[in-house]
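Asks: Questions regarding the structure given below will be posed in turn.
Nothing in this text is a laboratory measurement; each read-out follows from the coordinates by a stated rule. Worth saying up front: this structure is predicted, and the values here are computed from it rather than measured. A quick note on method: Cβ atoms are made from the backbone with ideal geometry, for glycine too, and the neighbour counts reach across all protein chains shown.
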Amino acid sequence: MKLLFISPRFSGGIGGHAAMLADKLTENGFEVKKMIIPHIPIKNLKNPSFALLSSLKGIVDREFFDIVHGFNIPSAYAMKYAKGKKKVLSVHGVFSEQVDTLHSKSISSIAKIAESQVLNWPDKLTTDSKATQKLYKEKFDLNFEYLPSPLDIQKFSGISDVTKIENQVAYVGRDSYEKGIDILKQAESKI
């Protein structure tokens, strides 16, 4: 089976999940190609430039795939134009809410328009968060498949031991569902 993975980058965040999934699929005999496209490294232009340049690549590239898998909303444009039997879009969190938190209201309103448009393009929508799945159902009446992200525990072997304190958890990250904060909050009562 031949797959195309589209992500603004293949490190950190959703890009890290895409890279890990691509590696595991390749190890298991799948052919996975990663669409790597440069973007304009200027605040507020990274995602739009990636969406534009990756869309152009999707339009001109004649290679055909069994599955075209976009990771997050900016990848949906390239996903739409890439040649493939089935299209999948994965999101980690509600995109418009993330943009609203991090950027201006004008950028946020553009993100909301883009989000409502692109979520109708794929054959299948996936998320790694039950909270995100629920929010998209409430906001847009869309059905997302819940697929937990892969985790390669071997990558933790290089991290030195941390002093553990009983009944204490240290978390450094954004207070958002795509980071699994809902799971952490549920576990808190059991500590």
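Asks: Once you place label points 7 Å from the Cα toward the Cβ at N167 and K43, how far apart are they in nm?
Replies: For the pair N167/K43, the computed spacing is 4.3 nm.
Asks: Check the straight Cα-Cα distances from K139 and name the lysines below 17 Å, setting aside those fewer than 8 residues away within the same chain.
Replies: K112, K130
Asks: Most exposed first by the Cβ proxy, i.e. fewest other Cβ within 10 Å, how do S90, S49, S106, S55 rank? It would help to have the intermediate numbers written out before the result.
Replies: On the way: S90 25, S49 18, S106 9, S55 21.
Listed from fewest to most nearby Cβ atoms, that is S106, S49, S55, S90.
Asks: Right, something else. Using a simple spin-label model with points 7 Å from Cα along the Cα→Cβ vector, what separation in nm is obtained for K124 and S160?
Replies: 4.3 nm
Asks: While we're on this one: Working from the alpha-carbon coordinates of the stretch 1-58, get Rg over Rh, Rh being the Kirkwood radius. Present the calculation step by step, with values, prior to reporting the outcome.
Replies: Numbers: Rg = 12.5 Å, Rh = 12.1 Å.
My calculation puts Rg/Rh at 1.03.
Asks: Amide H to amide H, which residues 5 or more places from I40 or on other chains are under 5 Å from it, using H placed in the peptide plane?
Replies: S49, F50
Asks: Here's something else I'd like to know. Each label point is 7 Å from the Cα along the Cα-to-Cβ direction; what then is the distance between the points at K134 and F30, in nm?
Replies: 2.8 nm
Asks: Does the stretch 32-85 come out rounded, prolate or oblate by the C-alpha gyration tensor, with a ≥ b ≥ c the root eigenvalues, rounded set by a/c under 1.5 and, if not, prolate when a/b is larger than b/c and oblate if not? Please report the intermediate quantities before stating the final value.
Replies: Values: a/c = 2.32, a/b = 1.98, b/c = 1.17.
Note, shape of the stretch 32-85 comes out prolate.
Asks: Sort the following peptides by mean Cβ neighbour count (other Cβ atoms within 10 Å, averaged over residues), highest first: 17-28, 33-44. Mind dumping the intermediate values first?
Replies: Numbers: 17-28: 16.1, 33-44: 13.7.
Answer by packing, highest mean first, reads 17-28, 33-44.
Asks: Within the P(r) computed for the chain, what percentage of the Cα pairs occupies the region above 30 Å? It would help to have the intermediate numbers written out before the result.
Replies: Values: 4263 of 18145 pairs.
In whole percent, the long-distance tail amounts to 23.
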